[in-house]
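S.K.: Submitted below is the structure of interest, expressed as structure tokens.
The values are calculated or read from the model by the stated rules, or taken from the named source; none is laboratory data. Just so it is clear, the model here is predicted, and its values are computed rather than measured. Please note: Cβ atoms are built from the backbone with ideal geometry, for glycine as well, and neighbour counts cover all protein chains shown.
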Amino acid sequence: MRLNKRVGIETIIVSFVFILLLVVWKVVQGMVLTLQNVPQGTPLQTSGAASQVDFGHVASGSGLMIALSVGGIFLFAMAYYVVRSYVVGKSKR
């Protein structure tokens, strides 16, 4: 089976867009969570806010989770490439 260069580049771009959307989604989730948990009042009145509210989420990147994430993105890219190659090959016939 020959590799299709155009579909390969498209697969890389789609994978990067997928990763970017995941990061943006996590940032938006954090912003919404922070907005919902900030106490009302002026900044001078909320000096103890850091001790009352947990801003965000602390996650340690364990090796297993990093490997699973990279593997998942790789599997997504492979599946996308196979499907797109099939569709492009089907349309050329």
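S.K.: Looking only at residues in the range 7-51 that are among the hydroxyl-bearing types (Ser, Thr, Tyr) and assigned to a helix (DSSP H, G or I), which one is modelled with the lowest pLDDT? Before the answer, list the steps.
M.R.: If we filter the range 7-51 for residues that are among the hydroxyl-bearing types (Ser, Thr, Tyr), which is where we start, we get 11, 15, 34, 42, 46-47, 51.
If we keep only those that are assigned to a helix (DSSP H, G or I) too, we end up with 11, 15, 34, 51.
Values: 11: 92, 15: 92, 34: 79, 51: 54.
Step by step, filter the range 7-51, then rank; the result is 51.
S.K.: If residue 63 meets every condition in (1) surrounded by 10 or more Cβ atoms within 10 Å (Cβ to Cβ); (2) farther than 30 Å from residue 7 by Cβ; (3) modelled with pLDDT of 80 or more apart from one, which number is that one?
M.R.: Going through the list (1) surrounded by 10 or more Cβ atoms within 10 Å (Cβ to Cβ); (2) farther than 30 Å from residue 7 by Cβ; (3) modelled with pLDDT of 80 or more, residue 63 breaks only (1).
S.K.: Also, quick follow-up: When only residues in the range 66-93 that are modelled with pLDDT under 85 and under 25 Å from residue 17 (Cβ atoms) count, which is surrounded by the most Cβ atoms within 10 Å (Cβ to Cβ)?
M.R.: The extreme case among them is 89.
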